[in-house]
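The values are calculated or read from the model by the stated rules, or taken from the named source; none is laboratory data. Computed from a predicted model, the values in this text were never measured in an experiment. Cβ coordinates were reconstructed from backbone atoms using ideal geometry, including for glycine residues, and neighbour counts include every protein chain displayed. Just the protein is used for accessible areas: all its heavy atoms, side chains included, with ligands, DNA and RNA removed. Shrake-Rupley method; radii C 1.70, N 1.55, O 1.52, S 1.80 Å.
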Amino acid sequence: MKLTSLATILALVLPTIAVAEELNILNTGSETGSLAQETIALTQDFTALGYTVNFENPGNHCLAIERAKKISEPLIMPWASDYEAGGRAGTDCVTYEFKAENVIRYNRTSLQLCTVNSNVDDFNTKSGLIGITPAWPIQERAVGVINKHFNTEHRAIQYNGSGDLKTALFNGEVSYAILSPKHAANVVEIGGHCFYSLGNALPNMPSLPELVNNEDSRYLYLGWDIVFLALHMTAEQFEIVRKQFADIHNNPTSAMYTYTAGNTLLETDWAVTGDQAVEKFEQSVDALK
Amino acid sequence: MLESIAFQSILVGILLGVFSGLIPGAGNLTTMLLFFPLLLTYDPIQLIVIYTCMASVSQFVGSVPAVLVGIPGESSSVPAVIEGHRMYKDGNGPLAIMGCAIGSWAGTFFAVGFTFLLAAHMHVVFQFYYAWVQALVFLLVTVVVILVSGNKPIVNFSFTVFGFLLGMIGYNIQLQSGFLTFGNSWLYAGLPEFVVILGIIAVPEILQINKLVVKSQHVKQKNNTAVNLALVYKNKLTIVWSSVVGYIAGFIPGLTFIAGSNIAYYISKLLNRNKDPKIAQLNHLLAAETSNNVGAFSQLMPLIFLGIPIIGSEALLLSLIELKGYTFSVDTIGVYLSVAAVSVLIASTVGLLLSWPLSNQLVKIYNYTKYLPYVAVFWIIAIVLYLGYQDYSMLYYVIVFLLSVAIGLLLKNKDKIPIVLFLLLQDNILESFYRVYQLYF
């Protein structure tokens, strides 16, 4: 039965590949981090919809934008406000200008402070090593604010991506890590715990910016606004892809639904228009600069 | 568990491994993406089987064109190009193929054995990821390469620096700046490593330009199976120690078995300096090929034990498995590990059959192909053009290729592996030393 299915699939897929609509999906994050997993999930879902997807994974946002400039075919890619903020402030490698009519999804992600071998009391009173991921300058600034508030001397240690950072957390090279909700959930599964939200308060997790509550606390709103952009498409193609994008998120059998744990790990606001997304994105960039 | 390891998923994994190994520059991630719709139809256990079989068989098969034609199937096949293809040109092609196949096969059994011995202590093993441990490993590798590569130490040192600088070209995330990019967007992305390897290593090997004359590859091969088998068995210790090296190197993020293959190769050069050239070459090949197969299995451990992918193809595997509603957790370690172990043992046995008896037939065919060097070079050029087209940078790839060929020909009588090795290791070296600096200074 399986062999028959395999032969049937091959017979269906092979000619389909020749005529399916082509789509590029570009990961602008690290090779194995959150954006990588999210864009891989999108690759899976758009492939299932019948597209021939070319997945690009250059390994960091600097190389990704250079790659994006070369692609002239339909392209979906995320762009994060912390990368943009760093680029505009001159502390990071690149900026990227986009238009409201290219925004296919907007969402806000707040990071979390997690640990495996330590606890919140030690974090508040003792000094340790905090692992951070790109964009480093913004997260290093936040560590400075934490030290000032708690009178500690935590040091920020740079890792290229969440995968490397989680390994360092597990083997004890760093005591704490600043992670996205997806990776924070992984840490909890393996026996760690996350004790501060670097955004709004969550159930059983207070907000660190609200706790600090001073003129510097805005630098503790760590996370990013992400816009997913659909580029080099006709208006008709854009509308089709935008609808498919939303359907993917709400389809319980999709890879994206699995990745977001049924949209619980991602604060996606589908009601936001392109112009509103640009405005919110710019506000986030200004706050992070 | 055995019921889950369906014959079909093993067969699919093996076929994908053949594809990945035979098509230069393809690699496991590209192969998985090309056959993605097919992979969507399998459950998590079957995906583990497919991935494990693919990763194993690709290493077996990748060494065949490396030995016979001088074209590396993957970056881990570079030692096979240098030593294996030279053995072929000396008429010892069957011995080279046998060595690659048996070393790879035996190494796989060591890999599985090590894993089950270490399973209860894997949390200790992951201390390998301490930055100072990684930095120390790279420092030792550097010293070994400088001391034992086939040139004077000062030349080896120069080549390691040159290779490192080639790897630095482009935007460097540690330094947060470009290096030798001259504001050029092509250079910003760095040099295409596989193209550089093809130009510096593969083309000169194929053309054998010693006296500006292209020699035919028509060399009669000495095909005495019993004698060759005895020789391989006599050097079995190489398989043992290179398995250890390969297992450890398999944990290096981003490089895994590629690093293992090259590191084991250099250790072999250190250990076999005063041996008969034919025996030394065999040991170098055994070391590299054993190591890369062992690393192809151990690279799975961070994923199985921690749910952390350390290379792109594992990230895709993780995503596929999560899509099915599964994940990697403490509860899945036993099942996934057992499935991976049984699969890799089966796949490696098939890989042994594919890369040894089959290649003997290919050797016979190659004996009658006088124009093989030209065909091989043409094939390499086609690969470069295709890779450049995929990256929207065909002209850039051609320029890099031509410059690499020029360098390879200029250094035709030198051991160029240090250049290639440090081109590949540059990112990891810089990252580990920079992190040591942050942690301890």
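Could you please report the charge total around A:Ser217, scoring K, R as +1 and D, E as -1 over all other residues with beta-carbon less than 15 angstrom from its beta-carbon?
Details: positive: A:Arg141, A:Lys148, A:Arg218; negative: A:Glu210, A:Glu215, A:Asp216.
Counting the neighbours of A:Ser217, the net charge comes to 0.
Specify which residue in the list B:Thr115, B:Gly163, A:Thr264 is farthest towards the positive end of the charge dipole of the protein assembly as shown, using unit charges on the beta carbon of Lys, Arg (+1) and Asp, Glu (-1), about the Cα centre.
Selected residue: B:Gly163.
I need the per residue convex hull volume for chain A, using only the alpha carbons, in cubic angstrom as a whole number. Walk me through the numbers before you get to the answer.
Values: hull volume 40.8 nm³, N = 289.
Each residue corresponds to 141 Å³ of Cα convex hull volume.
Using the charge dipole of the protein assembly as shown (Lys, Arg: +1 at Cβ; Asp, Glu: -1 at Cβ; taken about the Cα centre), state which of A:Ala230, B:Ile239, A:Ala36 has its Cα farthest towards the positive end.
Checked the options; the winner is B:Ile239.
Using the Cβ atoms and a cut-off under 11 Å, what net charge is assigned to the surroundings of A:Thr32, where Lys and Arg are +1 and Asp and Glu are -1?
Details: positive: A:Lys166; negative: A:Glu31, A:Asp164, B:Glu314.
Value of the local net charge: -2.
Across segment A:250-266, in residue order, what do the Karplus-derived ³J(HN,Hα) couplings come to in whole Hz, using 6.51 cos²θ - 1.76 cosθ + 1.60 with θ = phi - 60° and x for Gly and Pro?
9, 8, x, 9, 8, 5, 5, 5, 5, 4, 8, 6, x, 6, 8, 9, 9
Using θ = phi - 60° and the Karplus relation 6.51 cos²θ - 1.76 cosθ + 1.60, list the HN-Hα couplings for segment A:91-96 in order, rounded to whole Hz, with x at every Gly or Pro.
9, 10, 7, 7, 10, 9
Taking a quarter of the surface of the convex hull around the Cα atoms of the protein assembly as shown, what do you get in nm²?
30.5 nm²
May I ask for the distance between the Cα centers of segment B:12-90 and segment A:15-94, given as a whole number of Å?
26 Å
Once Lys and Arg get +1 and Asp and Glu get -1 on their Cβ, which of B:Ser393, B:Ala315, B:Asn272 lies farthest toward the positive end of the dipole of the protein assembly as shown?
B:Asn272
Could you pull the accessible area for A:Asp122 with a 1.4 Å probe, rounded to 10 Å²?
Approximately 40 Å² for this residue.
Kindly report the accessible area of chain A per residue (heavy atoms of protein chains, probe 1.4 Å, no ligands, DNA or RNA), in Å².
Computed with neighbouring chains in place, this is 40 Å² per residue.
When the accessible area of segment A:249-289 is split by element with a 1.4 Å probe, what percent falls to carbon and sulfur? Spell out each step's value before the answer.
Numbers: 1000 of 2060 Å².
Reported share for carbon and sulfur atoms: 48 percent.
So what does log10 I(q)/I(0) come out to for segment A:95-187 at q = 0.13 Å⁻¹, using the Debye formula with one equal point on every Cα and no solvent?
-0.48
Whole percent per 10 Å bin, from 0 to the bin with the longest distance: what is P(r) over all C-alpha pairs of segment A:165-289?
10, 31, 35, 19, 5, 0
Kindly point out, ordered by number, any Cys in the protein assembly as shown whose beta-carbon has no other cysteine beta-carbon under 4.7 Å away.
B:Cys53, B:Cys100
Quick check: at a probe of 1.4 Å, how many percent of the accessible area of chain B sits on carbon and sulfur atoms? Let's see the in-between values first.
Working: 11640 of 16470 Å².
Here carbon and sulfur together make up 71 percent of the probe-accessible area.
How big is the shadow of the Cα convex hull of segment B:4-103, averaged over all directions, in nm²? Numbers along the way, then the final one.
Values: hull surface 24.7 nm².
Hull-based average projected area comes out at 6.2 nm².
Quote the total accessible area buried by chains A and B together, excluding ligands, DNA and RNA, probe 1.4 Å, nearest 100 Å². Walk me through the numbers on the way to the answer.
Working: alone 13690 and 18740 Å², together 27900 Å².
Summing both chains' loss of accessible area gives about 4500 Å².
If amide hydrogens are placed 1.01 Å from N in the peptide plane, which non-local residues have theirs closer than 5 Å to the one on A:Ile25?
Amide H neighbours of A:Ile25: A:Asn54, A:Phe55, A:Glu56, A:Ile76.
Return the residues of segment A:45-87 for which accessible area with all protein chains present is lower than in the chain on its own by 50 Å² or more; set the probe to 1.4 Å and exclude ligands, DNA and RNA.
Residues meeting the cut-off: A:Leu63, A:Glu66, A:Lys70.
Only four residue types carry charge here, +1 at the Cβ of Lys and Arg and -1 at the Cβ of Asp and Glu. Report the dipole size of the protein assembly as shown about the Cα centre in Debye, rounded to the nearest 20.
Numbers: 39 positive and 49 negative charges, 706 e Å.
The dipole magnitude comes to about 3400 debye.
Can you list which of the trypsin sites (Lys or Arg not before Pro) found in segment A:11-113 are DSSP loop residues with at most 16 other C-beta atoms within 10 Å?
A:Lys99
Counting only protein heavy atoms, probe 1.4 Å: which residues of segment A:171-185 lose 40 Å² or more of accessible surface in the full assembly compared with their chain by itself?
A:Asn171, A:Glu173
Within segment A:121-188, what whole-number % of the accessible surface is contributed by carbon and sulfur, with the 1.4 Å probe and all protein chains included in the calculation?
Reported share for carbon and sulfur atoms: 45 percent.
Determine ³J(HN,Hα), in whole Hz, for all residues of segment B:418-435 in sequence, where each value follows from phi through the Karplus function 6.51 cos²θ - 1.76 cosθ + 1.60 and θ = phi - 60°; x replaces Gly and Pro.
x, 4, 5, 4, 7, 4, 6, 8, 3, 4, 5, 4, 4, 4, 5, 5, 5, 5
Collect residues whose amide H, placed 1.01 Å from N in the peptide plane, falls under 5 Å from the amide H of A:Ser127; neighbours closer than 5 in sequence don't count.
A:Glu153
So, for segment B:109-179, what is the accessible surface per residue at a probe of 1.4 Å, expressed in square angstrom? List each step's numbers first, then the result.
On the way: 3340 Å² over 71 residues.
Accessible surface, normalised per residue, equals 47 Å².
For segment A:25-133, just list the percent of Cα-Cα distances falling in each 5 Å bin from zero outward, please.
For segment A:25-133, the binned pair fractions read 2, 10, 17, 19, 18, 11, 9, 6, 4, 2, 1 percent.
Take the Cα atoms of chain B, find their three principal axes, and give me the spread along each one in whole Å, biggest first.
62, 56, 43
Determine the dipole magnitude for chain B: charges of +1 sit on the beta-carbon of Lys and Arg, -1 on that of Asp and Glu, nothing else is charged, the reference point is the Cα centre, and the result goes in debye to the nearest 20. Provide the component values of the computation, followed by the final result.
Working: 20 positive and 16 negative charges, 355 e Å.
Around 1700 debye, computed over chain B.
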